[in-house]
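Scroll down for the structure; my scribbles are underneath it.
The values are calculated or read from the model by the stated rules, or taken from the named source; none is laboratory data. Keep in mind that this is a model prediction, so the values were computed, not measured. Every residue, glycine among them, receives a Cβ derived from its backbone with ideal geometry; neighbour counts consider all protein chains shown. Ligands, DNA and RNA are excluded from the accessible area calculation, which covers all protein heavy atoms including side chains. Shrake-Rupley method; radii C 1.70, N 1.55, O 1.52, S 1.80 Å.
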Amino acid sequence: VQLQASGGGHVQAGGSLRLSCAASGRSLSNYAVGWFRQAPEKEREYVATIRWSGGSTRYADYVAGRFTLSKDNAKNTVYLQMNSLKPEDTAVYYCAAGSLIWSSYSYSERYSYWGQGTQVTVSS
């Protein structure tokens, strides 16, 4: 599976961005697609996950209610709609895919395939 993340940019606090994660090479029907982020000098942290089959979603507490996952089956693409952005959301965002046990959705090591990352910068 090859993943291509896009959609990052520079916005003011309170603004919105929509990230995309386009997959190729294999159907995602047996996978979950997750988003992780890494800010400068910080460790990578979990953001959100969607299970392709059925569309179940999970969110980290610090993005719940502001970020929303969706998918387009025909395009094999996952979207992360980010609203009410805060300066602390500034990071490189990575999408990842894995055939994982659902209870392990927040563990980055459970994801086998990773995209290249897209920069999100939120200024105050």
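Please enumerate the residues belonging to the range 71-110 that are aliphatic (A, V, I, L, M), closer than 12 Å to G34 by Cα and not in a loop (DSSP other than H, G, I, E, B).
V78, L80, A96, A97
Can you name the residue in the range 44-61 that is part of a loop (DSSP other than H, G, I, E, B) and touching a residue at least 12 places away in the same chain (Cβ under 8 Å) and is also farthest from L17 (Cα to Cα) among such residues?
Across the range 44-61, the extreme among qualifying residues is S53.
How many residues does the range 49-75 hold that are modelled with pLDDT of 95 or more and either among the β-branched types (V, I, T) or at positive phi (or both)?
Within the range 49-75, residues that are modelled with pLDDT of 95 or more and either among the β-branched types (V, I, T) or at positive phi (or both) number 6.
Considering only the range 100-117, how many residues are open to solvent by 20 Å² or more (accessible area, probe 1.4 Å), in contact with a strand residue (DSSP E or B) (Cβ under 8 Å, 6 or more places away or on another chain) and not aromatic (F, W, Y)?
Going through the range 100-117 one residue at a time, the tally reaches 6.
Answer yes or no as to whether L69 is out of contact with any Ser or Thr (no Cβ under 6 Å at 6 or more places or on another chain) and surrounded by 20 or more Cβ atoms within 10 Å (Cβ to Cβ).
No, not satisfied.
Within the range 17-48, can you find the residues that are at negative phi and open to solvent by 60 Å² or more (accessible area, probe 1.4 Å)?
Result: R18, R26, S27, N30, Q38, P40, K42, E43, R44, E45.
Enumerate the pairs (first residue in the range 69-91 and in contact (Cβ under 8 Å) with a residue 24 or more places away in the chain and farther than 14 Å from S123 by Cβ; second residue anywhere and aliphatic (A, V, I, L, M) and surrounded by fewer than 18 Cβ atoms within 10 Å (Cβ to Cβ)) with beta-carbon separation below 8 Å, excluding pairs fewer than 6 apart on the same chain, so at least 6 apart or on different chains.
Sorted first by the residue in the range 69-91, then by its partner, the pairs are K75/A22; N76/A22; T77/A22.
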